[in-house]
Each structure stands twice: as C-alpha cells, then as structure tokens.
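Heads up, the thing below is written out as structure tokens.
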Amino acid sequence: MKWTWFHKLGSPPYVYRLARSIGPWLYALAALTIGYGVVAGLFFAPADYQQGDAFRIIYVHAPAAWMSLSAYTTMALAGAVALIWRIKIGHAVAAACAPIGASFTLAALITGSLWGRPMWGTFWAWDPRLTSELILMFLYFGVMSLRQAFDDPARGDRTAAVLAIVGVVNVPIIHYSVQWWNSLHQGATVAKFAKPSMPGSMLWPLLSVLLGFMLFFGAVLCTRLRAEVLNRERQSSWIKEALSSR
Amino acid sequence: MTPRRKRLWVVLGILGGVAASVALAVMASRENIMFYFDPTQIADGKAPQHKRFRVGGMVVKGSVQRNPGDLQVRFVLSDFAHEVPVKYSGVLPDLFREGQGVIAHGTLDGGGTFVADEVLAKHDEKYMPPEVAASLKNKRAASTPKPAATPGNPQT
Amino acid sequence: MKTTSTSLSVDGVHVWRGDRHVLRGLSFSVGSGQLLHVVGSNGAGKTTLLRVVCGLIAPEEGQVMWEGSNIRSDRSAYQSNIAFAAHEAALKADLTALENLRFAVGLRRTVSVDELMASMRRTGAEGYADLPARALSAGQKRRVAMARVLACDAPLWLLDEPFSNLDSAGVEVISALIDEHVRRGGSAVVVAHHGLVRRAGATQLALDE
Amino acid sequence: MNVSTAGAVQIIIRRELRLSFRRPDQLIQPLMFFLIVTTLFPLALSPQLSVLRDIAPGVLWVGALLSSLLAVEGMFRADADDGTLEQLVLSGHSLTVIVIAKTCAHWLLSGVALVLVAPVMAAALSVPAESFWLIMASLALGTLTLSWLGAIGAALTVGLKRGSVMLSLIVLPLAMPLLIFGASATDRAIHGDSAAGPLYLLGALCLFTSTLAPFAASAALRITME
C-alpha cells in the first residue's frame, strides 16, 4: 500500500498532470527568491574587503555551479531508477534534465571566467576545478547526443542512462578538486558542516538565489518533462483527454 | 557456486578494487603531482632548476617595487617560513596587492630569483565587508598574528 | 542429453518496439518432447519472440519461465540450456567452419574435434569443415550453423528460419534432425514462415500483426 | 562437462588472437595511425630537438589516445554484425566475464603493440633512452585504462551506423584525466624527475576502471543488443 506513491510517480498521466499543476508555482517562487537574492546581492549586500563589487558575480556563479552538479546527479539518478526498476518516466526526467544542466554548466563556466579575468588575472586556467567542470559539460553533450543517436528511442534512453551513470564519477572530483589539488579556485564558502565564511548580509542573498535556482530548475524541468511525456506518449489515449481538459 | 555466493565474491572484488585504487591515489597525493612548490620547498632546494613550475605564497608587505615607465615589477613571496624573490614583467591582476596570496608560473634563475611569466592572484573563500575586515585586523593585531589562508592549503 | 521433463513456458508477454506493440500478451508452453512451430507474416514478431525466449530481450510485461523459475533469476544458467540459431549463421568469415564450431561450442562444453566432425557429418557439412566461412554459400553456412546447434547438446532448440537457403535435400536433413531431437525428449521452438514442419507432435503458433 | 569461467576467458582470448592474426591489418592500422600522427607534430611545430623533447609527452599520449580509439571501435561491432556476439552472449557465461575477456584480448593486441612501438617514436622525438622504461610502463597502464573506457564506449555505440564520432564524443572526456596524468608521468620521466606521483594515479585509474568498467560495458551491451 505504501508503494502507491511510487507507482503513481511511474505513471505518465499522473506525472504530466503533476508537472502541469506545480510548474507555475515553481516559476512564481523561483522569480520571488531569485528576485530578492539578486536585488539584495547586487545592491544591498556590502562590497567585499578584497574584491570590492566584483565579488557580486558569486550570486550567479556559485548557484549555477552548484546546480550544474545537482542537475547531473538528478539526471543520473533518474536514469538509474529507470534502468533498475524499468520505470520509463525516469528516462523522460533524465532527458528533460540534460539540457538544463548543460545550461547551468555553461553559465557557471562563463560567469567564472568573467570573474577570473579581473580577480585572478586570467579568463581561464587549466586548473583541476575548471577542467573537471569543462569535462562535466562534455559529459552533458555526450549524454544528450547519445540519446539522439539511436533510431529506437528506448535504446537511446537506456544507453544515455548508462553513460550518465558512468559519468557520475566526475561529480565528486569536481566537488573535492579544490581540496585534493593546489587549485587556483578558492574552497567552498558554504559547506555542510562548517560555519559559512561569509557574514549574513552577504550570505542570505546567496542562499536565496541558490534556492531560486533550484526552484527554477524544478520549474523548467516540469515544462520540459511535459513536452517529453507528450512526445513519448503520443500514441496513448490519455493524451487527448489531458489536452482537451485544459 | 551458487548465485548468491557468486554475487558475494563480485561485491568483494569491487570493494577490493576500489579500495586499492583509492590507496594508490592516496599514495599519489603524498607526491608532488602538480609541479607546485612553496617558498620553503624552494629554500630546501626541492624545486627544479630551469624548468617551469608554480610557486604560491603571500606577497610580503612593502616588498613590491615597480619600475617607473615599464611593466617590470619585483616582489617577495612568503609562506611565513621562507621567502623567495620574484621578478615579473606584465599586467598584474586587480587583486594583486601586498598581503595577497598569488600563484606565479615561471622558472628559477641561477641566483635564486623566480622569474615569472604569469602571475595569478588567488583569493580565499572568505568574504566580508571592509569594515568587518578592518575591525578583524585590529583584533588580530592585538592578539598573535595568524596568517589567513595561504594558496597552498585553501581549506585550512 | 538431459532426461528431466524440460519445460519452457511463456506467460502473458508484451513487447513494444518503439511505438509498435509487437507481442501482445503472448502465452504458450513447450514441454519435453514437444515442438512449437511459430508461423506468421513478416513483421509479426517471430524473431522478437525467439529473442525474448533467449533472454536477449526482457519483455515489458509477462515472464519467461524455464523449469518453473523465471529466466531472469539466473540468465546465464538458463542460457546454457538453449541452442539458438539466428537468421544469420553467426560464423566468423575469417575462421574455418570447424574453428567456428570449436570456439562457439567450446564455450559451452568441452568437446572433441571428432564430436564436432560427427555433427557436421550429420548436417552434411563435413566436406567444407576446413574452408573459411567466407568461402561458403548461404546454404552451406546454414548447415554449419545447424551442426553447431547439434553439437551444443542443449535440451531446448530455438531456430529462426532454419530452412532458408537450403536445397530440398538439406530441408529433409534438418527436419529429420529436429524430429530426432524432439523424439529423444528435447524441446524446440522453430520459426518458419513456410509450413515445413508438419510432423506429428508439432503445435502451431500463429502470430499475426 | 560445463566450461569454467576461466576456461571461457581463455577460449575467448584465443579466439580473438586467432581472428586478429588472420586479419593483421586491423592490428596494424591503429599502429600506423599512431606513427603517422606522432610524425605530424614535428613537421607542424618545429624540428628543433629541444622543442620536440618538450612536446613529446603530449604528442605520445594524444597519439596513443586517438589510435586506441580507432582500435576499439570494432571491438564489439564486428561480432555484432555477423551474429557471433549473440552466440557469445548466449554461451551460458556471464556477460561481464565475456566483456572482460574481450577487453583483455583487445589490450593484448592493440595496447601491448602500441607500448612496444612507443620507444621508436619517443626516440624520434629526441627523448633520452633512459626514460623509455618509464614511458612504456605509463603507456601500458594508460592503454589498459583506455581499453576499458573504450569497451564502455564501444558497447554503447555498437548499434549505431555512424558510431565512430559518437564513440569519441563519449570516450574522450572520460579519458582526459588519463591524458593529464599520463603526459605528466612521461614529462617527468623525460626530464629525469620522479614520476612516482602520476604513475600511482595512472595505476589508480587503471585499477578503478578495471574494477567497474566491465559492469558498465556489459550493462551497455545488454541494452544495445536488445
């Protein structure tokens, strides 16, 4: 009995309706939190004692980098669930995650190099953190193109899931690269078990943007997932009802 | 062999393989894999001669000398134990200032001066408003001076 | 040959290929000494069915049981009980017919060259045992493939169009071999779009689109 | 009566070796490719010996990476095309064991050959002869790792008509850490520094992939064979 939620989440019509109903809320909440975080971060947070106003790019860079990793992990987990329990909706989730995660990765790389130029003195350094993040981007591209490469979409889904799972080894490497090697990149400001090395006036906007990016990820995921489900289930009868009931 | 025992052996094999590779990686971490040296290692003669490597440390207060008219700059890097003089010609990053952690790429010349062809500023993961930094500094000056994070070990 | 009452049962199997619902709730069983003749038009899912029974395709719904247990529980152990001849002869072009059999059968059981030659003799393939497979005609390859099935000494035969490319003498030889396998207590699932298997004890399964 | 796992591995390796000796061109082509690619760099960059010695690590490793990518493409494809892969899968042995045997055979053929040829190219790049053993050791670890990564890629792309581009798209990002540490080990060997650190890391990568890649590759193969 307690597994009903699990089975429900495996049913495309249920997921489609769920995504349709929570999507707008997620967009609204994301707009609120990102809006607060960006305004507070860019205008009200104090400037850094060392970097001055340039540090404010952290309000985009750090959340984007966090999301690039969590989107990848979500994608690999969804793929693993789909492979192990043969729940097809997992593949739809993974397929919906990939382009969002790749965009976050791209955003993290671009904002990072914009930050690196004035502060470090270079747009790009072949540094462990930067290189592993670049590999993450290549992995996203690999997963996306492998999914497209097969004539049989089911096969593309499942091979992409295997590749995504293989690529997960890169996630801890990115995360710990600044500790394992002498990296140009600074360590984590906000860690799980340590006091953040940032005062509240700077920290709250950052956390707000991070929450906002998560919500935004969820919101875009809902939209993309609906499109994926519609495409995948185009032969089923419930589609017509779902589309006409709007 | 029953399927269950087979599975047990497979799991043990995976654990063993992963553990052995982690052990190897830990052994590797004891070696210098990044060609990164701090001033102490250079003072001990561990750094290679006539070969590019990276050196990291703090720019010593009052050591920066600029040549008026060109981009020549000399400064001294310190890891609070030893110091190494650095010569560089080029544009320095905004964050380059005395007391700041930097990483320089270059070679050691015969006289013990590090000739850098690239100087990158490193900042740590701490952010604070200037006033807080100033008051912290005063407090620190009152107690024993303790260095902020050096580029060598960002997580301290 | 094992003498246990071997039994294959297929239970409510559904398979989709892309948008196509190929196998729609198929059920049947094949016992020891039984032959199932699968017929159907092109695209009816005959080959898919054989690959499901082999364990190459996992059905979306339903299950394939061998001697009372699901084949997914120990797939390799189940697969050592089957001899499968796909539509292609599965011969390496650069190896001789005999070498092909030695590697393919050698993976399943320890087998002597004499035994392999004996099974080639029975399918009428002994004349080209030492020719590279690239030099063989389609019918000759078919005979070598059947010699492999024979030499595997497996209780369950799964044959996909075993009579294609064969001359009438070849058809007789292969049908006789299938008959004998079934008579000695083996089971066989044979896909053949001609009604060539008309022996007693053969059940027919018609797949339609 | 039944064939043991070790026996099956032995049979598959013997099969691969015999097939490759019947068709030596498939063995030689990647080697020729390696020789030609490494020749390109001195022509394009500079024939000055000190420059060559500095670029040698990168040239040798990029060459090794690309040529083993070329060699790995047919690893499962040839068998899938003529139907023998199905027979291997149905032989009653675990697919993981089959993948392990095929990858080992592949490395024995392509990797070992590349390791043996590498000193020739290293000498042509004016690398001192004292460093040959270390370079060969690092390339041996590296090519085995590449064979495992390649096995995953080959298994994922076996059903594709134009699989080679896809294969490089999959394998090259995974192989980047290998390139970094391999080139670093070779560089240290050439300059007479201690190469222990990168060699340990190459060993770690090799062990890690040898442990986990067989499972990934067999899972991939099961999917693409459906």
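The values are calculated or read from the model by the stated rules, or taken from the named source; none is laboratory data. It should be emphasised that the depicted structure is a prediction, and the values quoted were computed from it without experimental measurement. Positions of Cβ are generated from backbone atoms using ideal geometry, with glycine treated the same way; all protein chains shown enter the neighbour counts.
General remarks:
- Of all the criteria given as (1) in a helix (DSSP H, G or I); (2) away from chain D (no Cβ under 11 Å); (3) in contact with a Ser or Thr (Cβ under 6 Å, 6 or more places away or on another chain), the one not satisfied by residue B:40 is (3).
- Restricting A:100, A:89 to residues that are more than 16 Å from the chain's Cα centre (by Cα), away from every other protein chain (no Cβ under 12 Å) and of a type outside the set (Ser, Thr, Tyr) narrows the list to A:89.
- Looking across the stretch A:149-163, just one residue is surrounded by fewer than 22 Cβ atoms within 10 Å (Cβ to Cβ), within 10 Å of residue A:95 (Cβ to Cβ) and either touching a Gly at 6+ places or on another chain (Cβ under 7 Å) or of a type in the set (Asp, Glu) (or both), and that is A:153.
- The residues on offer are D:119, D:128, and the sole one that is more than 25 Å from residue A:167 (Cα to Cα) and in contact with a Phe, Trp or Tyr (Cβ under 6 Å, 6 or more places away or on another chain) is D:119.
- Lone qualifier among B:90, B:69 - being exposed (fewer than 15 other Cβ atoms within 10 Å of the Cβ), within 14 Å of chain A (Cβ to nearest Cβ) and either over 30 Å from residue B:134 (Cβ atoms) or touching a Phe, Trp or Tyr at 6+ places or on another chain (Cβ under 9 Å) (or both): B:90
- Residue match in the stretch A:209-228 (condition: under 19 Å from the mean Cα position of the chain (by Cα), within 11 Å of another protein chain (Cβ to nearest Cβ) and modelled with pLDDT of 80 or more): no
- Restricting attention to the stretch B:22-60 and to residues that are at pLDDT 85 or above and over 30 Å from residue A:173 (Cα atoms), the residue that is farthest from the chain's Cα centre (by Cα) turns out to be B:60.
- Pick from the stretch D:187-200, criterion in contact with a Leu (Cβ under 7 Å, 6 or more places away or on another chain) and either aliphatic (A, V, I, L, M) or under 28 Å from residue A:156 (Cβ atoms) (or both), ranking: modelled with the highest pLDDT: D:189
- For residue C:71, the conditions (1) touching a residue at least 24 places away in the same chain (Cβ under 8 Å); (2) within 14 Å of another protein chain (Cβ to nearest Cβ); (3) of a type in the set (A, V, I, L, M, F, W, C); (4) in contact with a strand residue (DSSP E or B) (Cβ under 7 Å, 6 or more places away or on another chain) all hold with the exception of (1).
- Flag: residue C:50 does not match the condition of being of a type outside the set (S, T, N, Q), more than 17 Å from the chain's Cα centre (by Cα) and surrounded by 17 or more Cβ atoms within 10 Å (Cβ to Cβ).
- The residue that is nearest to the other protein chains (Cβ to nearest Cβ), among those in the stretch A:145-189 that are touching a Ser or Thr at 6+ places or on another chain (Cβ under 8 Å) and outside any helix (DSSP H, G or I), is A:189.
- Check on residue A:49, hydroxyl-bearing (Ser, Thr, Tyr) and modelled with pLDDT of 90 or more: no
- Test: residue in the stretch D:137-145 that is outside any helix (DSSP H, G or I), more than 8 Å from every other protein chain (Cβ to nearest Cβ) and surrounded by fewer than 23 Cβ atoms within 10 Å (Cβ to Cβ): no
- Residue within the stretch D:215-226 that is more than 14 Å from chain B (Cβ to nearest Cβ), within 25 Å of residue D:95 (Cβ to Cβ) and in a loop (DSSP other than H, G, I, E, B) present: yes
- Residue satisfying condition, being within 28 Å of residue D:134 (Cβ to Cβ) and polar (S, T, N, Q), within set D:157, D:211: D:211
- Residue count, the stretch D:17-27 (criterion: more than 10 Å from chain C (Cβ to nearest Cβ) and touching a helix residue (DSSP H, G or I) at 6+ places or on another chain (Cβ under 6 Å)): 1
- Out of C:104, C:86, sole residue that is buried (at least 16 other Cβ atoms within 10 Å of the Cβ), under 17 Å from the mean Cα position of the chain (by Cα) and touching a residue at least 60 places away in the same chain (Cβ under 8 Å): C:86
- Single match in D:120, D:171, D:112 (criterion: assigned to a helix (DSSP H, G or I) and under 17 Å from residue D:217 (Cα atoms)): D:171
- Within the stretch D:178-197, being more than 13 Å from residue D:131 (Cβ to Cβ) and either part of a loop (DSSP other than H, G, I, E, B) or at the interface with chain B (Cβ under 9 Å from one of its Cβ atoms) (or both) holds for D:181, D:184, D:196, D:197.
- The C-beta contact set for the stretch D:154-177 (first residue more than 11 Å from residue A:135 (Cα to Cα) and within 7 Å of chain A (Cβ to nearest Cβ), second residue modelled with pLDDT of 90 or more and part of a loop (DSSP other than H, G, I, E, B), distance under 6 angstrom, 6+ apart or interchain) comprises D:166/D:157.
- Number of residues in the stretch C:94-115 that are at the interface with chain D (Cβ under 7 Å from one of its Cβ atoms) and among the β-branched types (Val, Ile, Thr) equals 1.
- Qualifying positions in the stretch A:166-180 - of a type in the set (A, V, I, L, M, F, W, C) and buried (at least 20 other Cβ atoms within 10 Å of the Cβ): A:166, A:174, A:178
- Only one of D:170, D:135, D:152 that is farther than 24 Å from residue D:100 by Cβ and either within 17 Å of the chain's Cα centre (by Cα) or β-branched (Val, Ile, Thr) (or both): D:135
- In the stretch A:26-67, of all residues being in a loop (DSSP other than H, G, I, E, B) and not hydrophobic (A, V, I, L, M, F, W, C), the one that is surrounded by the fewest Cβ atoms within 10 Å (Cβ to Cβ) corresponds to A:46.
- Checklist (1) part of a loop (DSSP other than H, G, I, E, B); (2) more than 30 Å from residue A:118 (Cα to Cα) applied to residue A:240, failing item: (1)
- Flag for residue D:79 being more than 30 Å from residue D:3 (Cβ to Cβ), charged (D, E, K, R), in a helix (DSSP H, G or I) and under 19 Å from the mean Cα position of the chain (by Cα): no
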